[in-house]
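Student: I am attaching a structure below and will ask some questions about it afterwards.
The values are calculated or read from the model by the stated rules, or taken from the named source; none is laboratory data. Quick caveat: nothing in here was measured; it's all calculated off a predicted structure. Here the Cβ is made from the backbone with ideal geometry for all residues, glycine too, and neighbour counts use every protein chain on show. Areas reflect the complete protein model, heavy atoms only, side chains present, ligands, DNA and RNA absent. Shrake-Rupley method; radii C 1.70, N 1.55, O 1.52, S 1.80 Å.
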Amino acid sequence: MTKTSTESPVLFNQKGYDHFHEFLRQENFTKIFVLVDSNTHVHCLSSFLQKLETNVEIEVLEIEAGEEHKTIETCNSLWEALSELGGDRRSLLVNLGGGVVTDLGGFVAAAFKRGIACVHFPTTLLSMVDAALGGKNGVNLGALKNQVGIIKKPEMVVVDISFLASLPPSEMRSGLAEMLKHGLIADEDYWNRLKSLKDLDLTDLEDLISESIEIKENVVAQDPYEKGLRKSLNFGHTLGHGIESYFLENPEKQKLLHGEAVAAGMVLAAYLSTELEGFPKEKRDDINRIITSIYGKTDFTEEDQKKIIDLLKFDKKNEGGKINFVLLRQIGEPVIDREVPNTFLLEAFRYYLAPQEDVDAD
Ligand SMILES: NC(=O)c1ccc[n+]([C@@H]2O[C@H](COP(=O)([O-])OP(=O)(O)OC[C@H]3O[C@@H](n4cnc5c(N)ncnc54)[C@H](O)[C@@H]3O)[C@@H](O)[C@H]2O)c1
Ligand SMILES: [Zn+2]
């Protein structure tokens, strides 16, 4: 095990619960706060409580489900609740939910009393393979994603695959986007196996999830504070975040999940990669075909495209006013900090929106 992973291990199913219980016995917490959202309250809390073995007093904290509640106002109400319910420096916060709960809960724990212990129990595919790993926590600032936050790992992450049984298919697809991303930036074999995945059956998924976690953990261990390599995990996310923010800001538009926005962002980034890094065109078209077959095409008008590009300058990954992209030279060979002129961005949208036959003919 790497140093980072022993500091904040990621453990599966029963082994995860055993480790968690051992941790509870050692740490003598005064109280355990379990943070859920309105959906994980219904679908995950009772199963979690049944598996929990402890005499420590438990309080459940609930937030409204949804990205629009990943705000400092929600944190504020949780800090007040923690305070009113007698939370102290020896309290533990368990974050039982998807990426919204783990991102926001991680931040709430990191700041309450200057930092209390927290453990993530991710309940969405996306949070299992991505959001709950690597210690990035935080909240949105208006429509701007993850503008306020810190990097601090939880004490551990327990991945209980059985939570996925109640997850809607669109949310499964959203998580799959991050797994596809892991394949594209780190491992062509893994990408090929994901490509041929017929449906999101839990039996096949467990190994694939575990591999995805390994890829992310490995990248984060080499570069925990995102000085270099870790930026490669942002593949598809520069435009993906712009798209996500824009759709969040415009409720009359279709509702786009994080992974769905990132999926479109990866096709756009694959196009930029062929134009600027010599990424093979047939692989770009393959990425386009696979992603479109899973996610369909999102409709972007010309006005949408311009506004999305405008939003990129607020993206936190941009340094000194430049828009930086992660591109690919090959599958498994990312290049970071690439500046891309705006004209290429519009071309990328044109490529994305073109019917697939045109793409193949090109
Ligand atoms: N910190 C990071 O490194 C990182 C990485 C990737 C994404 N993120 C963040 O993660 C968030 C997206 O995560 P997400 O997709 O998990 O979103 P989410 O937390 O909003 O969960 C998606 C939906 O599924 C519901 N849900 C959760 N678990 C369920 C279950 N087991 N059964 C039924 N419904 C369930 C939730 O209530 C919600 O409605 C974004 O805010 C994104 O910015 C963070
Ligand atoms: Zn993501």
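Student: Among what's in the range 223-237 and is surrounded by fewer than 23 Cβ atoms within 10 Å (Cβ to Cβ) and small (Gly, Ala, Ser), pick the residue that is nearest to ligand 2 (Cβ to nearest atom).
Tutor: Residues of the range 223-237 that are surrounded by fewer than 23 Cβ atoms within 10 Å (Cβ to Cβ), as a first pass: 223-232.
Okay, now just the ones that are also small (Gly, Ala, Ser), so 228, 232.
Details: Gly228: 19, Ser232: 13 Å.
Residue satisfying both the conditions and the ranking: Ser232.
Student: Which of the residues spanning the range 318-362 are at pLDDT 85 or above and among the acidic types (Asp, Glu)?
Tutor: Glu333, Asp337, Glu339, Glu347
Student: Just checking: which of the strands (runs of 3 or more DSSP E) contained wholly in the range 72-144 hold 1 or more residues that are away from ligand 1 (no atom under 13 Å from the Cβ)?
Tutor: Those strands (runs of 3 or more DSSP E) span 91-97, 117-122.
Student: Among the polar types (S, T, N, Q), outside any helix (DSSP H, G or I) and either open to solvent by less than 60 Å² (accessible area, probe 1.4 Å) or in contact with a helix residue (DSSP H, G or I) (Cβ under 6 Å, 6 or more places away or on another chain) (or both): is that true of Thr40 in this structure?
Tutor: no
Student: When the residues of the range 53-70 are filtered to those that are part of a loop (DSSP other than H, G, I, E, B) and either charged (D, E, K, R) or closer than 15 Å to Val36 by Cα (or both), which remaining residue is least open to solvent (accessible area, probe 1.4 Å)?
Tutor: Lys70
Student: Spot the failing condition for Ile32; the list is (1) assigned to a helix (DSSP H, G or I); (2) surrounded by 13 or more Cβ atoms within 10 Å (Cβ to Cβ), and only one is missed.
Tutor: (1)
Student: Residues Leu176, Leu208, Leu184: which one is under 12 Å from Leu125 (Cβ atoms) and within 15 Å of ligand 2 (Cβ to nearest atom)?
Tutor: It is Leu176.
Student: When the residues of the range 145-163 are filtered to those that are in a strand (DSSP E or B) and within 10 Å of ligand 1 (Cβ to nearest atom), which remaining residue is surrounded by the most Cβ atoms within 10 Å (Cβ to Cβ)?
Tutor: By that ranking, first place goes to Lys145.
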